[in-house]
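The values are calculated or read from the model by the stated rules, or taken from the named source; none is laboratory data. Small disclaimer: the values here were computed from a predicted structure and weren't measured. Cβ sites come from the backbone with ideal geometry, for glycine too, and all protein chains shown count toward neighbours.
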2 protein chains.
Amino acid sequence: MPTIQDVASRAGVSPITVSRVINRSGYVKSETRQRVEAAIAELRYVPNRLARSLRLKKTNTLALVLTDITNPFWTAVARSVEDTASDAGFSVVVCNTDESLTRQRQCLNTLLQKQVDGVLLVPARSDGEPVEWIQGQGTPVVVLDRRVPCRWVDVVRCDSEDGAYQLVRHLLSLGHRRIAVLSGPQDVSTAMDRVAGYRRALREAGLEPREEWVRHGQFDRSAGLEMAQQMLSIAPRPTALFAANNLVAVGALRALRDAGLRVPEDISVVVFDDLTSELVIEPFFTAVDQPAYEMGQTAAELLLARLSGSAPGEYQEILLPTKVVVRRSSAPPPG
Amino acid sequence: MPTIQDVASRAGVSPITVSRVINRSGYVKSETRQRVEAAIAELRYVPNRLARSLRLKKTNTLALVLTDITNPFWTAVARSVEDTASDAGFSVVVCNTDESLTRQRQCLNTLLQKQVDGVLLVPARSDGEPVEWIQGQGTPVVVLDRRVPCRWVDVVRCDSEDGAYQLVRHLLSLGHRRIAVLSGPQDVSTAMDRVAGYRRALREAGLEPREEWVRHGQFDRSAGLEMAQQMLSIAPRPTALFAANNLVAVGALRALRDAGLRVPEDISVVVFDDLTSELVIEPFFTAVDQPAYEMGQTAAELLLARLSGSAPGEYQEILLPTKVVVRRSSAPPPG
DNA sequence: CTGTTAGCGCCTTCAT
DNA sequence: ATGAAGGCGCTAACAG
């Protein structure tokens with residue numbers, strides 16, 4: 001492949017002149033510029049950004065470390081991050097951790113070695129150490145979606161506690177008294193917060209949350225299926241299920257149908273995080289809708305602002321609004 | 001940030017010795033190695049892969065250029081590419097083109113500048129030029145999902161013509177005679193091939209495909225909605241719709257429901273490319289199922305094999321099997 | 001087993 | 001308006 005030196009020789013100038021043409025920096029006589037551009041075209045020269053980045057200590061690349069891009073919520077986030085980054089001339093490297101700390105460390109290590117300019121991190125656990133480690137390498141981080149026990153970091157997320165509270169209030173207002181929650185991993189902040197919001201709503205209604213009505217599992221379909229099955233074996237059976245994420249809800253509904261239960265006639269189901277209407281034939285779930293696209297965009301913009309030095313000095317915690325969407329999956333309890 | 005030189009000084013060795021420790025290349029006395037490792041730990045040294053890549057002319061990065069990661073089909077492909085690449089020590093940079101040639105060129109340009117080792121490309125158009133351009137830069141390409149008029153390139157895809165043919169045969173066998181197709185962009189090979197398979201099935205059944213029963217639009221929900229509405233205004237109305245992709249089908253169904261039509265009692269709907277069961281409460285569509293995960297994996301493996309020189313000399317065209325899954329959205333025509 | 005030399009391709013600084 | 005020198009951090013090739 002031709003280098004900047006090859007182009008220079010061909011155009012009869014020095015490499016630095018070619019550099020100035022490519023990056024539109026400094027003065028170049030119009031005639032010289034044309035000769036250089038001609039040489040670039042003839043040689044099909046493509047500048048080597050590796051060398052440029054090494055020199056400039058800037059790669060124009062963002063890392064997006066999330067749990068599983070297969071979940072439509074993260075897909076939307078990834079898409080908005082890419083859109084936002086791309087508009088600013090940045091590329092995005094995506095990594096799936098599957099909620100594993102080991103994989104998270106591997107990802108981050110590789111990413112830092114590649115000298116990404118910034119990291120958008122959905123922490124696999126409520127653990128501040130990875131965040132501090134990245135920052136210790138001089139790389140800015142924005143934490144996405146989840147809380148983390150660090151004061152000195154930017155966070156963009158939704159209020160899980162409040163969303164859950166609202167959702168359970170909706171169930172209570174319909175008359176439900178036996179409400180179970182199918183949540184995610186114990187040490188993931190969103191899973192904890194959603195349980196916390198659930199408990200607060202129950203207590204406020206004068207109900208004592210029973211431990212057997214709280215289950216933790218993975219944030220996926222099969223966990224939802226399994227947790228729902230367990231709930232069905234409790235007597236008296238809950239009249240409503242609160243699924244802490246979209247995939248859990250899909251699995252739960254499967255379990256209910258398999259058990260011959262009708263939703264919402266026999267049992268209600270509500271869910272934190274709606275499935276995008278793009279994918280759904282007929283919206284069914286009563287849900288807390290999270291602005292996934294905005295979350296990615298906001299986080300990416302904040303990170304880019306940090307990189308350009310245009311962000312405010314203090315670290316930010318940005319809470320995006322959620323809203324409850326009532327649909328057909330919730331109704332008054334039977335009887 | 002500390003460099004390899006800092007580590008070297010601290011350990012009282014030369015940089016190259018540190019390099020050998022990091023990369024486990026060459027001989028290093030166990031005692032020396034320990035000194036070096038201690039220095040690495042103390043300084044929290046992270047090797048700079050930019051410099052390494054510049055030197056080695058290898059970045060351990062793959063590019064994945066697709067149309068829109070928001071479509072679950074591409075999400076699955078992206079996930080499998082990342083899994084496969086990651087196992088081989090590669091990272092993945094993802095780019096969305098939204099079927100735009102301009103954006104495709106921008107993406108590819110940036111990616112080549114970043115010296116990605118290989119490109120997985122879902123071409124925005126049936127145009128061989130971009131492929132040849134990338135190859136001309138000495139970068140291997142594997143084309144995904146779509147045909148391209150190049151002989152000298154690897155391709156991994158499904159047989160759209162045949163899948164469509166099978167799907168329309170299914171409709172014919174149910175007794176349908178007025179079948180319409182809602183396809184994607186005219187110049188995208190999968191959209192063309194699915195129409196071609198449709199036509200072949202019709203002709204074989206002694207039916208002449210009517211032009212008004214063929215529509216082209218974007219491969220998204222709103223196009224599906226619009227195309228379906230247009231079809232409903234044709235008299236006599238088609239008794240079955242063939243949606244050329246998943247999102248088109250969701251949009252079409254919306255249009256049918258809005259028009260007060262029941263599926264499949266009043267009109268049947270079949271679709272090329274199933275929505276993954278992870279996301280669907282109750283599978284409904286009769287569909288051609290494509291092995292999305294395998295497609296990404298196969299393509300990534302082929303690309304990695306090319307990079308390691310372990311691939312066969314000839315370019316490959318790998319056709320992955322599809323299968324028709326009959327569900328509730330198709331039934332005999334009314335009357 | 002370890003070190004020296006040189007250079008990957010580019011851009012900043014300082015001349016001219 | 002253009003160029004020369006030097007170095008970003010790393011490793012291959014060759015000593016020793």
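Listing for the model above:
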{"quantity": "Selection count, the stretch A:31-47, where residues are free of Cβ contacts under 8 Å to residues at least 12 places away in the same chain and under 44 Å from the mean Cα position of the chain (by Cα)", "calculated": "1"}
{"quantity": "The listed residue being closer than 26 Å to A:Leu111 by Cβ, within 10 Å of another protein chain (Cβ to nearest Cβ) and part of a strand (DSSP E or B), out of B:Cys95, B:Cys107", "calculated": "B:Cys95"}
{"quantity": "Hits in the stretch A:112-139 - residues which are within 14 Å of chain B (Cβ to nearest Cβ), in a loop (DSSP other than H, G, I, E, B) and among the polar types (S, T, N, Q)", "calculated": "A:Gln115, A:Gln137, A:Thr139"}
{"quantity": "Odd one out for B:Thr59, checked against (1) closer than 26 Å to A:Gly138 by Cβ; (2) assigned to a helix (DSSP H, G or I); (3) within 13 Å of chain A (Cβ to nearest Cβ)", "calculated": "(2)"}
{"quantity": "B:Glu294 farther than 19 Å from A:Pro283 by Cβ, away from chain A (no Cβ under 12 Å) and assigned to a loop (DSSP other than H, G, I, E, B)", "calculated": "no"}
{"quantity": "Residues (surrounded by 23 or more Cβ atoms within 10 Å (Cβ to Cβ) and more than 18 Å from B:Ser330 (Cα to Cα)) located in the stretch B:156-182", "calculated": "B:Val156, B:Arg157, B:Cys158, B:Ser160"}
{"quantity": "Cβ pairs under 8 Å, 6+ apart, first in the stretch A:7-27 and in a helix (DSSP H, G or I), second surrounded by fewer than 14 Cβ atoms within 10 Å (Cβ to Cβ)", "calculated": "A:Ala8/A:Ser14; A:Arg10/A:Glu42; A:Ala11/A:Ala38; A:Pro15/A:Gln5; A:Ser19/A:Ser25; A:Arg20/A:Gly26; A:Arg20/A:Tyr27"}
{"quantity": "Cross-chain or 6+ apart pairs with Cβ under 6 Å, the stretch B:86-104 first and outside the structural domain of B:Asp220 (by TED's automatic domain parsing) and farther than 14 Å from A:Ile69 by Cα, then at pLDDT 95 or above and small (Gly, Ala, Ser)", "calculated": "B:Thr97/B:Ala124; B:Glu99/B:Ala124; B:Leu101/B:Ala124; B:Gln104/B:Ala124"}
{"quantity": "Filter result (more than 21 Å from A:Phe219 (Cα to Cα), without any contact (Cβ under 8 Å) to a residue 24 or more places away in the chain and not in a helix (DSSP H, G or I)) within the stretch A:142-190", "calculated": "A:Pro149, A:Cys150"}
{"quantity": "Residue count for the stretch B:4-18, restricted to those that are within 12 Å of DNA strand C (Cβ to nearest atom) and either surrounded by fewer than 18 Cβ atoms within 10 Å (Cβ to Cβ) or under 17 Å from A:Lys114 (Cβ atoms) (or both)", "calculated": "7"}
{"quantity": "Selection status of A:Ala223, modelled with pLDDT of 95 or more, of a type in the set (A, V, I, L, M, F, W, C) and surrounded by fewer than 18 Cβ atoms within 10 Å (Cβ to Cβ)", "calculated": "no"}
{"quantity": "In the stretch A:62-86, the residues that are within 10 Å of chain B (Cβ to nearest Cβ), more than 10 Å from the chain's Cα centre (by Cα) and assigned to a strand (DSSP E or B)", "calculated": "A:Ala63"}
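Results for (1) part of a loop (DSSP other than H, G, I, E, B); (2) in contact (Cβ under 8 Å) with a residue 60 or more places away in the chain, shown as yes or no for each residue.
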position	(1), (2)
B:Ala223	no, no
B:Glu226	no, no
B:Met231	no, no
B:Pro238	yes, yes
B:Gly251	no, no
B:Leu261	yes, no
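Residue by residue, here is whether (1) of a type outside the set (Asp, Glu); (2) within 14 Å of another protein chain (Cβ to nearest Cβ); (3) buried (at least 22 other Cβ atoms within 10 Å of the Cβ) holds:
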position	(1), (2), (3)
B:Ser268	yes, no, yes
B:Thr276	yes, yes, no
B:Thr286	yes, yes, yes
B:Leu303	yes, no, yes
